[in-house]
Amino acid sequence: VRTVRVIGIGAGDPEQITVQAIRELNAVDVFFVPVKRSDDGELARLRRDICERYIEHDRYRIVEMPDPPRRRSQDTAAQRAAVAEWRERRIEQWERHLRDELPDGGTGAFLAWGDPSLYDGTLTVLDAILARGNVEFAYTVVPGVSSVHALTARHRTTLNRVGGAVQITTGRRLRDGMPDGVDDLVVMLDGDCSFRHIDDPDVEIFWGAYLGTEDEILIAGRLGDVAGEIERVRAEARERKGWIMDTYLLRRPA
Ligand SMILES: C[S@@+](CC[C@H](N)C(=O)[O-])C[C@H]1O[C@@H](n2cnc3c(N)ncnc32)[C@H](O)[C@@H]1O
């Protein structure tokens, strides 16, 4: 039987990796590394760096899997169909690689950015492959430090207030403003500075880009004071590097 490990590797700082993850990395024969055009292959490079840094032998192989092309559309139905098609292609690609590159009895791994449970498709794709029944394997999951926790640590703030709830959402969902009844909100996957849609200038923002890397940028304050600055700094950084990853916590005043 093939074994697959899904290993959380932290969100950018190679030192934010657990002892358990390092032990599991050392037991892997084949690493499957998806390569995305959107980040210029930089996250794939960081994954390779993690292998070189922590694996104490050279008996492992890295198999790169170029992200299948994805059609973009302004039309919602067409966009949904394009995403479904892209997901299907990714399932087929990973299934083919698991079958052809991982021998029976071997151990394969996927290195999940941050923590594998948070806006990461790895577990969903593996479950879909298992459901198709063409390749058999058993898989386990090792947690990692998410970008959310990298963010709160760098801003030296808590995620929740005493006894309070926290919601984690996407930029797209923020376009209608902060959801009712939510006072502490983490926003990820936001290509569009969606905090612009919040009309309360007293909401606090704790913003972080490229957390844990040498390009890290942190800004915090009232939206009324810092929203414009974040938009400007984000645009400049994106222009300079060609891509950006940012996360933020929004907090309504007490
Ligand atoms: C596909 S999700 C993956 C999240 C990841 N599983 C985690 O636990 O952080 C990608 C989003 O995570 C956030 N992110 C990941 N790494 C980051 C970093 N180093 N700095 C800031 N945001 C990051 C961004 O919001 C980005 O759009």
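Nothing in this text is a laboratory measurement; each read-out follows from the coordinates by a stated rule. The structure displayed is predicted, hence computed values, not measured ones. Here Cβ is always computed from backbone atoms with ideal geometry, including for glycine, and neighbour counts include all displayed protein chains.
Across the chain, the longest piece that holds none of the GluC sites (Glu not before Pro) lying in DSSP loops with up to 13 other C-beta atoms within 10 Å covers 57-135.
Projected label points at I62 and N134, each 7 Å from Cα along the beta carbon direction, are separated by 2.7 nanometres. For R89 and T170, FRET efficiency with R0 = 25 Å and r from the beta-carbon atoms, rounded to 0.05? Between T170 and R89 the formula returns 0.65. Between V1 and N160, residue separation times 0.36 nm minus the direct Cα-Cα distance comes to 53.0 nm.
The alpha carbon radius of gyration of the stretch 96-217, expressed as a multiple of 2.2 N^0.38 Å, is 1.37.
Here the gap between A77 and K36, fully extended at 0.36 nm per residue and compared with their Cα-Cα distance, gives a gain of 12.3 nm.
Debye-formula intensities of the stretch 74-150, expressed as log10 I(q)/I(0) at q = 0.12, 0.23, 0.24, 0.26 Å⁻¹, are -0.43, -1.10, -1.14, -1.22 (one equal scatterer per alpha-carbon, no solvent).
Please identify the DSSP H helices in the chain that span no less than 20 Å along the helix axis (Cα) and have a mean Kyte-Doolittle hydropathy of -1.0 or more. Counting only whole DSSP H runs, the qualifying helices are 223-241. Computed over neighbours whose Cβ is under 15 Å from that of G8, the net charge equals -2, Lys and Arg +1, Asp and Glu -1. Here is the tail figure for the stretch 1-131: Cα pairs spaced more than 23 Å apart come to 33 percent of all pairs.
Charge dipole (Cα centre; +1 on Lys/Arg Cβ, -1 on Asp/Glu Cβ; no other charges) of the chain amounts to roughly 400 debye.
Computed about the Cα centre, the dipole magnitude for the stretch 1-49 is approximately 260 debye when only Lys and Arg (+1) and Asp and Glu (-1) carry charge, each at its Cβ.
Summing charges over neighbours of R172, with a neighbour being any other residue whose Cβ is under 11 Å away from its Cβ, gives -1 when K and R count +1 and D and E count -1.
Taking the number of Cβ atoms within 10 Å of each Cβ as an exposure proxy, the fewest-first ranking of M245, M188 is M188, M245.
Residue-normalised convex hull volume from the C-alpha trace of the chain: 147 Å³ per residue. Of the residues S194, T140, G108, the one whose Cα sits farthest towards the positive end of the charge dipole of the stretch 99-254 is S194 (charges of +1 on Lys and Arg Cβ, -1 on Asp and Glu Cβ, taken about the Cα centre).
DSSP beta bridges confined to the chain are antiparallel in about 40 percent of cases. When the stretch 1-159 is described by a simple charge dipole with +1 on each Lys and Arg Cβ and -1 on each Asp and Glu Cβ, the residue from V1, V63, H149 located farthest towards its positive end is H149.
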